[in-house]
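The values are calculated or read from the model by the stated rules, or taken from the named source; none is laboratory data. These numbers come from a predicted model, not from an experiment. Note that we place each Cβ from the backbone using ideal geometry, even for glycine, and neighbour counts take in every protein chain shown.
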Amino acid sequence: MSTLLIADGQVLLPEMEVVEADVLVDADEGTILAVGSDLATADETLDASGGLVMPGLVNAHCHVAMTLLRGYADDKELDAWLQEDIWPAEAELTSEDVHVGAELGLLEMIKSGTTAFADMYFEVPEIVDAVDDAGLRARVGHGVVTVVKDDEGARADVDESLSVAREYDGAADGRIRTAYMPHSLTTVGEEYLRESVAEAREDGIPIHFHANETTDEVDPIVDERGERPLEYADELGLLTSSDFVAHGVHVDETEIDLLASRGTGVVHCPASNMKLASGMAPVQRLLDAGVTVGIGTDGAASNNDLDMFDELRDAAMLGKLAADDASAVSAETVVELATKGSADALGFESGVVEPGANADLAVLDLDAPHLTPPHDLVSHLAYAARGSDVRHTVCDGQVLMRDREVLTMDESAVLERARQYAADLAERAA
Ligand SMILES: CSC[C@H]1O[C@@H](n2cnc3c(O)ncnc32)[C@H](O)[C@@H]1O
Ligand SMILES: [Zn+2]
């Protein structure tokens with residue numbers, strides 16, 4: 001067994017308590033062996049002195065290759081943004097573009113302490129390949145949109161999503177898991193949803209989709225069906241405890257109870273919801289009802305970065321506004337949502353620093369003006385820390401970034417390729 005010791009730091013425990021301790025990792029199994037003092041010596045050591053060892057952040061909803069479209073189209077609401085700018089640009093995407101964009105996003109994640117994410121996009125084999133090389137953990141899937149396709153095209157899209165989910169589950173030494181990913185209840189036709197959900201269920205494949213993001217999406221469903229979107233989703237068999245939905249902004253009490261009783265996770269994407277003026281998710285009400293809530297960035301074109309520390313702060317701030325209550329969505333809550341909450345929604349044994357859990361960890365450097373004085377480190381994580389404070393990143397027991405040097409990627413080459421491919425893409429899409 002080869003071991004890794006993360007030594008001499010403070011450690012954030014699952015109960016949100018901070019203690020001085022070392023963390024011993026089984027680097028072969030990729031799990032945490034022990035948290036404490038006087039632990040065994042290890043094959044490799046990471047110096048965490050002056051730092052906080054915390055669970056790696058889990059970005060529970062992303063479109064990682066959309067980094068190539070960062071800053072490409074801003075300041076529009078969702079429908080106009082997708083239809084006028086994003087979908088025409090995505091029609092020009094090549095598999096190489098997706099690879100290059102994914103690498104850029106993965107680099108950004110490693111540098112800002114994210115160790116796992118969920119991703120819905122096209123050209124999934126390219127994303128799998130990039131994740132495998134970068135060393136992160138992900139639940140990936142091919143996003144299905146049938147509304148603009150003929151029957152043959154729609155079925156091919158559905159089949160691709162199901163076959164990708166079957167083929168790549170367990171890839172990258174088990175760090176890749178998959179899901180069937182219909183884009184949303186309005187962009188995938190009912191007959192395709194009915195057939196494909198049954199197939200996914202037969203094979204035990206989880207399902208992830210965008211839900212209740214805007215009133216423009218909710219109102220037509222209510223008008224045409226006389227029921228709420230998540231009631232419709234439930235009838236289709238889309239809400240089980242292995243499934244998770246993105247956004248859940250415009251949900252009523254019936255839908256919140258449905259999510260809680262089915263055990264379906266909701267991924268809150270506060271920055272994207274604010275930027276596209278989609279609305280404010282009722283995060284405190286979801287939590288009070290017992291819904292599993294995670295946090296995600298959404299894509300870098302609607303955020304516009306993949307720094308989960310921004311998301312923690314946004315989630316806390318927006319949660320208070322939505323509840324009209326400054327005690328709602330507290331610092332402890334958002335830290336838990338972006339770690340264990342997201343990991344639970346995605347079905348990963350990550351998000352906590354405790355023996356047996358995946359060794360997916362970030363070490364934050366506390367020696368910075370904006371993190372001084374250290375009255376309350378959980379408060380700092382929620383309200384003051386930035387991705388650039390991360391000093392080391394570890395996933396599955398492997399060191400991906402040591403002393404701010406990313407070991408699994410050539411940073412300058414990734415940036416150079418991304419600049420070139422993004423410029424070419426924008427030119428083709430113009
Ligand atoms: C079919 S692959 C995923 C698809 O989703 C698009 N997308 C990005 N952000 C959002 C969002 O906030 N709501 C809905 N759809 C979104 C992305 O551009 C891809 O086309
Ligand atoms: Zn999305």
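Checking the stated criteria, Leu321 turns out not to satisfy the condition of being crowded, with 24+ Cβ neighbours inside 10 Å and either assigned by TED's automatic domain parsing to the domain that holds Leu12 or more than 15 Å from ligand 1 (Cβ to nearest atom) (or both). Looking at (1) touching a helix residue (DSSP H, G or I) at 6+ places or on another chain (Cβ under 7 Å); (2) on the phi < 0 side of the Ramachandran plot, which is the only condition Glu202 fails? Just one mismatch for Glu202, condition (1).
The residues in the range 207-222 that are buried (at least 22 other Cβ atoms within 10 Å of the Cβ) and either in a helix (DSSP H, G or I) or among the charged types (D, E, K, R) (or both) can be counted, and the count is 3.
The strands (runs of 3 or more DSSP E) falling completely within the range 44-128 that include 1 or more residues that are buried (at least 24 other Cβ atoms within 10 Å of the Cβ) and among the hydroxyl-bearing types (Ser, Thr, Tyr) map to 114-121. Tell me, please, whether a residue that is farther than 26 Å from Gln284 by Cβ and without any contact (Cβ under 8 Å) to a residue 24 or more places away in the chain can be found in the range 373-384. Checked the range 373-384: at least one residue is farther than 26 Å from Gln284 by Cβ and without any contact (Cβ under 8 Å) to a residue 24 or more places away in the chain. Just a yes or no: is a residue in the range 294-302 touching a residue at least 40 places away in the same chain (Cβ under 8 Å), buried (at least 21 other Cβ atoms within 10 Å of the Cβ), more than 16 Å from ligand 1 (Cβ to nearest atom) and hydroxyl-bearing (Ser, Thr, Tyr)? No: zero hits. Which ones in the range 272-293 are at negative phi and more than 16 Å from ligand 1 (Cβ to nearest atom)? Within the range 272-293, Pro282, Val283, Gln284, Arg285, Leu286, Leu287, Asp288, Ala289, Val291, Thr292, Val293 meet the criteria.
None of Asp132, Asp151 is more than 14 Å from ligand 1 (Cβ to nearest atom), within 26 Å of Arg402 (Cα to Cα) and surrounded by fewer than 24 Cβ atoms within 10 Å (Cβ to Cβ) except Asp132. The criterion of at least 2 residues that are within 16 Å of ligand 2 (Cβ to nearest atom) and closer than 15 Å to Ala338 by Cα is met by the following helices (runs of 4 or more DSSP H) wholly inside the range 225-301: 270-275.
The C-beta contact set for the range 207-228 (first residue assigned by TED's automatic domain parsing to the domain that holds Val245, second residue more than 16 Å from ligand 1 (Cβ to nearest atom) and among the hydroxyl-bearing types (Ser, Thr, Tyr), distance under 7 angstrom, 6+ apart or interchain) comprises Ile221/Tyr232; Arg225/Tyr232; Arg228/Thr254. A count restricted to the range 76-93 and to residues that are away from ligand 1 (no atom under 12 Å from the Cβ) and in contact (Cβ under 8 Å) with a residue 12 or more places away in the chain stands at 1.
Residue-level analysis places Ala315 outside the set of residues that are within 14 Å of ligand 1 (Cβ to nearest atom), of a type in the set (A, V, I, L, M) and modelled with pLDDT of 95 or more. The set of residues in the range 144-165 being farther than 12 Å from Phe122 by Cα, in a helix (DSSP H, G or I) and of a type in the set (S, T, N, Q) consists of Ser163 alone. In the range 187-198, is there at least one residue being without any contact (Cβ under 8 Å) to a residue 40 or more places away in the chain and among the acidic types (Asp, Glu)? Yes, that holds for at least one residue. Residues considered: Ser242, Ser261. Of these, the only one that is touching a residue at least 40 places away in the same chain (Cβ under 8 Å) and hydroxyl-bearing (Ser, Thr, Tyr) is Ser242. Against the list (1) outside any strand (DSSP E or B); (2) at pLDDT 95 or above; (3) out of contact with any helix residue (DSSP H, G or I) (no Cβ under 9 Å at 6 or more places or on another chain); (4) more than 30 Å from Leu276 (Cβ to Cβ), the condition Ala34 fails is (1).
One residue is enough: does the range 389-411 have a residue meeting the conditions out of contact with any helix residue (DSSP H, G or I) (no Cβ under 6 Å at 6 or more places or on another chain), surrounded by fewer than 20 Cβ atoms within 10 Å (Cβ to Cβ) and of a type in the set (Ser, Thr, Tyr)? No, that holds for no residue. Screening Arg155 with (1) without any contact (Cβ under 8 Å) to a residue 60 or more places away in the chain; (2) among the basic types (Lys, Arg); (3) in contact with an Asp or Glu (Cβ under 7 Å, 6 or more places away or on another chain) gives one miss only, at (3).
Here Ala326, Ala338, Ala331 are screened, and the one residue that is outside the structural domain of Val35 (by TED's automatic domain parsing), at pLDDT 95 or above, among the aliphatic types (A, V, I, L, M) and surrounded by fewer than 16 Cβ atoms within 10 Å (Cβ to Cβ) is Ala326. The single condition among (1) touching a Gly at 6+ places or on another chain (Cβ under 8 Å); (2) without any contact (Cβ under 8 Å) to a residue 40 or more places away in the chain; (3) closer than 14 Å to Asp252 by Cβ that Arg201 does not meet is (3).
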